[in-house]
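For reference, the structure is listed below as structure tokens.
Since every read-out is calculated from the coordinates, none of them should be taken as a lab result. Since the structure is predicted, the reported quantities are computational estimates derived from the model, not experimental observations. Here the Cβ positions follow ideal geometry from the backbone for every residue, glycine too, while neighbour counts run over all protein chains shown.
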Amino acid sequence: MEKVFHNNENGTLNVSCTYAQEEYSPIIDKVVDNLIKNVIVKGFRKGKAPREMAIRQVKNEDIYNGLVKKLIDKDFDRLLDGYKGVDAVASIRPKLSIDFDQKKKEYNLLYTFVFLPYCKVKKTSGYEVSLETKKVLKKDVDEAIEKLLVDNAELVPSKEAAEKNDHVIIDFIGYIDGKEFDGGSAKDYDLTIGSNSFVPGFEDELIGIKEGEKRTIEITFPKNYLASLADKKAKFAVTCKTVKKIVKPEANDEFAKELQDYKVETFAELEEAVKTKLKDTAKTNAKNAKLNKIFQLIEKDAKPVIAKEYLELASNKVQEEQLAQFKQYGLNLEEYLKITGITDEQFKKNCESQAAQQASQYAVVKGVAQAAKIAVEEDDLVKRFGGKEKYDELMTAAKKQSEANTNFNVDQYMENIKESILIEKVNDYLLNNN
């Protein structure tokens, strides 16, 4: 078998396998021998007829299919042997086309593999991108502490009228054309006024309601709502059972001590700790913004190559992840499209755009790593897991789990860890050299 590799420069790799007549003829004989075992010729037992008579009843299509299957089975696992860039080939089953040269009497099996996204990065440093860190002002600290006070507030029942951000416990029954509709009723529903969790207009009508009060609320469902309710007028009979006000704790030393995340003794120390946390967040945001700009500049220069086959599969994966997320919120795709007001085609384009962005970033990371000679060594893994002893313990435990559970692939697990470390090293390199 003669094997030839050809990079198509479009994200795919051709592997051409040519078989001369002396190579495939013995295989055809074996295929025929297997096929005639099941042939019944009148006057003979099954598979016992003379070969010449039995062959007449064998279809050429079956011989051809049997030959192709044998050739694939014989060489498929070794197709990429001898190719230097095998690590860059994606785990996607290749496409196959078959050709027969009548003049040379040769069969050619052309496999088309898909590369992982890649790009040739020529410049990894010297990009003039500044690190712009947002200043943390006193009002930022005050807002953060106010949020802590609200998050740690108590809900206290009140006889006063409900205001925005108050909680109300309500019973409600929804009517369309004088009849109750599915999903339009509930008892003891805890609603935060202003949360926008209900249909537009509903929560606004609850402002001013008091415990024990009954109201009739009229709304019109939006045009992009669920198909069964879109653009329809509805009335809700609402009974307010409880109004709860948010009572914030006092901003003092006692409050500061109770916050487990900060571990401080005084309110003044809390203010400093919050300020430090906001500064750290600002630095992280600034680094991410700088990295994004650097990636955009490298991507523009390097022009990542992403095979359409890879992008299609990646886009499908993004769609599956999105649908799984919708399901967690009790929505299917049709309901999501109605609520957001986008079409199925737009949804698919959004998923494809997201997949393309992820693939492009992957290509740039790999390209920078190759150009700057950045690699993940065992020392990096040891450091990630907290030292040699812990690393060895983890690897032993992982291998045992892999033996006990065939679904757990320790090699794949380690590859994911290496990928994560490589991204961190590339990011650090780009931040320090641009």
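General observations
- Within region 329-434, GluC sites (Glu not before Pro) in DSSP loop having at most 14 other beta-carbon neighbours inside 10 Å: Glu377
- Charges were assigned to the Cβ only: +1 to each Lys and Arg, -1 to each Asp and Glu. The resulting dipole of the chain about its Cα centre is roughly 2020 debye.
- Shape class of region 99-258 from the Cα gyration tensor (axes a ≥ b ≥ c, square roots of the eigenvalues): oblate, since a/c reaches 1.5 or more and a/b does not exceed b/c.
- Hydrodynamic radius (Kirkwood) for region 66-191, which is based on Cα pairs only, to one decimal in Å: 24.6 Å
- Listed by chain and number, the lysines whose C-alpha is less than 17 Å from the C-alpha of Lys134, apart from same-chain residues fewer than 8 away, are Lys275, Lys277, Lys279, Lys283, Lys287, Lys290, Lys293.
- P(r) tail fraction, the chain - alpha-carbon pairs more than 40 Å apart, %: 53 percent
- Comparing Val86, Val382, Val41 in a Gaussian network model of the chain (Cα springs below 10 Å), the most mobile by mean-square fluctuation is Val41.
- Projecting the Cα positions of Tyr225, Asn10, Leu270 onto the charge dipole of the chain (unit charges on Cβ atoms of Lys, Arg, Asp and Glu, taken about the Cα centre) puts Asn10 furthest along the positive direction.
- Ordering Ile169, Ile207 from the fewest to the most neighbouring beta carbons within 10 Å gives Ile207, Ile169.
- Anchor Lys214: lysines whose Cα lies under 16 Å away (excluding residues fewer than 8 positions away in-chain): Lys159, Lys187, Lys235, Lys241
- Helix axis angle, 138-151 relative to the chain longest principal axis, alpha carbon, degrees: 90 degrees
- Over the chain, dividing the summed -39,500 (n - 2.57) contributions of all DSSP H runs of at least 4 residues by the number of residues returns a 222 nm mean residue ellipticity of -15000 deg cm²/dmol.
- Sorted fewest first by neighbouring Cβ atoms within 10 angstrom, Ile173, Ile298 come out as Ile173, Ile298.
- Pairwise centroid distance, computed over Cα atoms, of region 297-346 with region 204-270, Å: 33 Å
- Region 154-247 has equivalent-ellipsoid semi-axes of 25, 13, 10 Å, by the square roots of 5 times the alpha carbon gyration tensor eigenvalues, sorted largest first.
- Per residue, the convex hull spanned by the Cα atoms of region 338-434 amounts to 180 cubic angstrom.
- Three-way shape call for region 267-432 based on the alpha-carbon gyration tensor, with the a/c threshold at 1.5: rounded
- Annotation note: trypsin sites (Lys or Arg not before Pro) in region 197-228 located in DSSP loop regions with a Cβ neighbour count of at most 12 within 10 Å are Lys223.
- Helix axis angle, 344-371 relative to the chain longest principal axis, alpha carbon, degrees: 70 degrees
- The chain - percent relative contact order, Cα under 8 Å, separation 6 or more: 17 percent
- With N the number of residues in region 2-114, Rg(Cα) / (2.2 N^0.38 Å) evaluates to 1.35.
- For Lys103, the lysines whose Cα comes closer than 28 Å to its Cα, not counting residues fewer than 8 places off in the same chain, are Lys3, Lys30, Lys59, Lys69, Lys70, Lys74, Lys95.
- Computed from Cα positions, the angle between helix 21-36 and the longest principal axis of the chain comes to roughly 80 degrees.
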